[in-house]
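The values are calculated or read from the model by the stated rules, or taken from the named source; none is laboratory data. This one's a predicted model, so the numbers in the text were calculated from it and none came from an experiment. Positions of Cβ are generated from backbone atoms using ideal geometry, with glycine treated the same way; all protein chains shown enter the neighbour counts.
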Amino acid sequence: MGRKLIPEFILRSIEDPLCTIVYVSFVSFIVFPIAYTIGTALFTGVGNNSLADNLQLINKSTFLLLAKSCSIAFFIALLSTLLGGALGFLLYKTNTFFSGFFKIALLIPLFISPYILAVAWKDLFYLCFGNTDPLFSHLGVILVLTTIFTPLSMLIIGSALSNINAQLEEAGLLMTGYRSVIFKITLPLIKPALLTSLVLVFIFSISEFSVPVFFGIKVFTTEIFTQFSAFYNHSLAILQSVLLIFLCLFLLLSERKLITDAPFLSVSGKGMRTKLFSIKCWQGLSGLMLFGWFFISVLLPFLVLFIQSFQGGTVKFIQAFELLKPTFSNSIGLALSGALITVFIGFIAAYSAEIKNRKSIIWLLLFVFAIPSTIFGICLIKFYNQPLLDFIYSEYAIILIGYTGKFSFISAKLIGNAIKQIPNSLDEAAQLTGIGHYRRIQTILIPLIMPALFAAFVINFIFCLGELGTTIMLYPPGTEIMPIKVFTIMANAPQSLTSSMTLIVFSVTLLIITALYPIFKHYSYVNH
């Protein structure tokens, strides 16, 4: 009776103090600064101007630039979804050769910083055509970002394809052929995944900063960065940021159910039997298509960077290594810390959402995740750049806050998908034997989701290591971080030095992926 007299939110706080601490901390350190910046811009104005004065800064050219950025992002989302759908179908719905290898290898561009691939494509055009002008255009931005985001579409659509019940397609095959089953059964069933792919890739593309600025293409994110950092026009920059945030939020809220429940970034399936289509006559062609995309998106950029780096000997490569060597310890240390924090928050959020059925924290993580990196950085700067909070703003803590906001959603999705696969009967049986709440988490839940925890750590470590958009806004003066140093030096450096620095970052990322993958496989075999 007394339990019913306690308000529900207080009762939950008492029962799950750790979840409450994480929730309140995330809101206080990350969500509130965003709300503060947006609220200041909307209701009190920015700087010395009133809101009415600041709104006059938003003119026709602003909306034309936003429309141009939306059109570029739409083409990238459409191409990535089409290519990712084709690759996902070959890998997840057919018996093509070496599908296990390609499922991992084709994901590599997703984990490489976009500006690295931009440099590689520039070097490729220089080697092949002696002219890079065609790449320094809207087409170049679309080309590079499509190669980066196609693996994401492949993951989303491939996961949806692997979750289709085989009985539905087998029943269709009894009455019609493969083509009709694919178009009348398979495609309608994965429509939510196709829409999720379009929305997410669109948001990522319109939020991308490094590739457009490298190719000298003016889009909305580069304009915001220029107004804030170069012209110190904070009023216009923040109001433009609010426009882009509202656009991203509109897309997310319209499809929030699909995106928060989407089965992408899964480590393993539930064991549901899925129908594989036999393509005996097309095995060679499908293998050639997969290898061709692997060559274009992974091998070719690496080979081009290698050729450009050593074309004049090893002098520039050694110089590049000496320039980057001081950044390794800081970059790796920050990436490790960011990965550990995001995995911890992701686990708490996933547990709260999947076990306790409290989705609000997942939506908060998704909200921050969808905010463009440069805009997120501006929000943190405007909030933390004051004397009382200088101990955060002038230290590495501000970078870790940026990592936490950008990548906690990825951990929550990975871990949440793993928790969904655990039968409730295991936890219920443990409760009947008298095992306590935290003991059940330690002895049952964590061992079963260890592959997802480790995968979340690896993925977020790589993302933190190469993060540029938020970091370039937040890094304290005198700080040496690998992506920032490469990006700032390559603006005026010789082409061979730029290629060498990019090759080193590319190689470090690939070595880390290669070194950690066997550990991930070990955890997978031990726990399954």
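Tabulated values for the structure
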quantity	calculated
Matching option when the condition is over 21 Å from the mean Cα position of the chain (by Cα) and not small (Gly, Ala, Ser), among 298, 315	315
Residues of segment 341-358 classified as out of contact with any Gly (no Cβ under 8 Å at 6 or more places or on another chain), over 19 Å from residue 447 (Cβ atoms) and not basic (Lys, Arg), total	5
Residues of segment 100-126 that turn out to be over 28 Å from residue 500 (Cα atoms) and in contact (Cβ under 8 Å) with a residue 40 or more places away in the chain, as a count	1
Scan of segment 1-46 for residues that are aliphatic (A, V, I, L, M) and modelled with pLDDT of 85 or more, ordered by number	21, 22, 24, 27, 30, 31, 34, 35
Subset of segment 106-150 [surrounded by 23 or more Cβ atoms within 10 Å (Cβ to Cβ), in a loop (DSSP other than H, G, I, E, B) and of a type in the set (Gly, Ala, Ser)]	113
Boolean, residue 275 is out of contact with any strand residue (DSSP E or B) (no Cβ under 6 Å at 6 or more places or on another chain), modelled with pLDDT under 80 and either part of a helix (DSSP H, G or I) or surrounded by 15 or more Cβ atoms within 10 Å (Cβ to Cβ) (or both)	yes
From the options 201, 219, residue that is closer than 30 Å to residue 373 by Cα, modelled with pLDDT of 80 or more, of a type in the set (A, V, I, L, M, F, W, C) and in contact with a Lys or Arg (Cβ under 8 Å, 6 or more places away or on another chain)	219
Qualifying positions in segment 488-501 - surrounded by fewer than 18 Cβ atoms within 10 Å (Cβ to Cβ) and assigned to a helix (DSSP H, G or I)	488, 489, 495
Unique match (being farther than 29 Å from residue 505 by Cβ, assigned to a helix (DSSP H, G or I), at pLDDT 80 or above and among the charged types (D, E, K, R)) among 103, 68	68
Selection within segment 483-499 - under 28 Å from the mean Cα position of the chain (by Cα) and over 18 Å from residue 304 (Cα atoms)	483, 484, 485, 487, 488, 489, 491
Spans of helices (runs of 4 or more DSSP H) in segment 333-399 with at least 3 residues in contact with a helix residue (DSSP H, G or I) (Cβ under 6 Å, 6 or more places away or on another chain)	360-370, 373-384
Matching residues in segment 300-317 - criterion: being within 17 Å of residue 506 (Cβ to Cβ) and part of a helix (DSSP H, G or I)	300, 301, 302, 303, 304, 305, 306, 307, 308, 309, 316, 317
Helices (runs of 4 or more DSSP H) contained in segment 166-248 and holding at least 3 residues surrounded by fewer than 20 Cβ atoms within 10 Å (Cβ to Cβ) and within 22 Å of the chain's Cα centre (by Cα)	191-207
Scan of segment 410-420 for residues that are under 18 Å from residue 465 (Cβ atoms) and buried (at least 23 other Cβ atoms within 10 Å of the Cβ), ordered by number	411, 414
Answer from 430, 370 - the residue that is modelled with pLDDT under 85 and buried (at least 19 other Cβ atoms within 10 Å of the Cβ)	370
Counted residues, segment 423-480 - those being out of contact with any Ser or Thr (no Cβ under 6 Å at 6 or more places or on another chain) and over 30 Å from residue 381 (Cα atoms)	32
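For (1) modelled with pLDDT of 80 or more; (2) crowded, with 19+ Cβ neighbours inside 10 Å; (3) assigned by TED's automatic domain parsing to the domain that holds residue 336; (4) part of a loop (DSSP other than H, G, I, E, B), each residue gets a yes or a no:
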| position | (1), (2), (3), (4) |
| --- | --- |
| 426 | no, no, yes, no |
| 440 | no, no, yes, no |
| 463 | yes, yes, yes, no |
| 486 | yes, yes, yes, no |
| 503 | yes, yes, yes, no |
| 507 | yes, no, yes, no |
| 522 | no, no, yes, no |
